[in-house]
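Beneath this line is the structure, given in C-alpha cells, with notes to follow.
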Amino acid sequence: MTNVSPEKVPPHPVLAEWYQEAAGRQGFVQSLFDRTAPYYDRINAIFSLGSGRWFRRSMLRQAGLKTGHRVLDIATGTGLVAREAAGIAGADNVIGLDMSAGMLAVCRRNVPGISLVQADAQWLPFADGQFDLLSMGYALRHVADLRETFAAWLRALRPGGCVLVLEIGRARSAFVQTVLRIYLGRIVPLLSGVAATRDSRTLMEYYWDTIAECVPPEEIMRALQEVGFEDVRKRTYFGVFHAYTGRAPDH
C-alpha cells in the first residue's frame, strides 16, 4: 500500500453557514439526516426525476458485482444503493452502514434481509479483507477526510475487490453549472420544503453547498491512488454525475 500523507484532505472546506469548525460537521450532518430520514425518499424522487434506480443498478453491474459477492454499502441512507446491490448479490450478502439511526430505521423497512450497522464511513467496524465490493452513493461530500476514508475502505476489501463511488460535482460548462445551481440550489430545496418539511429544504440547501464547494474529481482520484487503489477510473454522465471505481491490489 502506498504511504498516506498525514495532511488531511476534506472533500470541501468548512461551510460556516452551517457549522463553525470542522469538528462540528459530523454532529450537524448526523442530526440533519436523522430529522429528514422519513422524507428522504420523497426528496430523492424530486431530485432524481425517476432515473436513479436503473442508474444505480447499472453502475453496480459495471463495477463487477455478481451473485454471491459480499457488499458493504457505506452511508447507505434509506437503502437506495443497497436495494439494488441486494437484487444482484442477494440480500444476505449486503451490509448497509450509516451514522444516522434515523436513516437506518427507514432502510430496515425499505430493504428487508440486509444487515445494518451504525458507524462512521471513515471508521469501519470490520476485520480486514471482508468484502468484494464497497459502494457509496452521493455521500462522499459528507466524510471528514478523503485519504483516511479511502484507506479504511481498502483495508476492508478482499484482494481484487472493487470500490464504487457515485457522486455529483460541479459542471465544467458554465451554462450547465448555472442550470445545476438553479435546479439543485433553488428549485429542489423549494420543492422539498413544500413536499416534506423545512428541515428537508435545509438538507437540500446544504446538499447544494457541498456540491458547489467540493474538491474537483482529479483530487478524489488522486486520493484513491495515493492510498493504494489500482486501475482508478471515472465515468461521467450528463456532465455532472460521476462514477469512480478502483480495485484493491491482488496481492
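The values are calculated or read from the model by the stated rules, or taken from the named source; none is laboratory data. Quantities reported herein were computed from a predicted structural model and do not represent experimental measurements. When we count neighbours, we look across all protein chains shown, and the Cβ atoms used for this are built from the backbone with ideal geometry, even at glycine. Ligands, DNA and RNA are excluded from the accessible area calculation, which covers all protein heavy atoms including side chains. Shrake-Rupley method; radii C 1.70, N 1.55, O 1.52, S 1.80 Å.
For this structure, a couple of remarks:
- Any chance Val9 is touching a Lys or Arg at 6+ places or on another chain (Cβ under 8 Å) and modelled with pLDDT under 95: yes
- Residues that are at negative phi and open to solvent by 30 Å² or more (accessible area, probe 1.4 Å), drawn from the range 58-85: Ser58, Arg61, Gln62, Lys66, Thr67, His69, Arg70, Arg83
- Looking at the range 86-179, the strands (runs of 3 or more DSSP E) lying wholly inside it that each contain 3 or more residues that are touching a residue at least 24 places away in the same chain (Cβ under 8 Å) and open to solvent by 20 Å² or more (accessible area, probe 1.4 Å) sit at 157-168.
- Filter pass, Val232 being over 18 Å from Ile46 (Cα atoms), in contact (Cβ under 8 Å) with a residue 60 or more places away in the chain and not small (Gly, Ala, Ser): no
- The test for being among the small types (Gly, Ala, Ser) and within 20 Å of Leu65 (Cα to Cα) does not hold for Gly185.
- Qualifying residue in the range 190-202 (condition: of a type in the set (Lys, Arg), part of a helix (DSSP H, G or I), more than 23 Å from Arg35 (Cα to Cα) and open to solvent by 40 Å² or more (accessible area, probe 1.4 Å)): no
- Residues (out of contact with any Ser or Thr (no Cβ under 9 Å at 6 or more places or on another chain), assigned to a loop (DSSP other than H, G, I, E, B) and open to solvent by 20 Å² or more (accessible area, probe 1.4 Å)) located in the range 219-251: Phe238, Pro249, Asp250, His251
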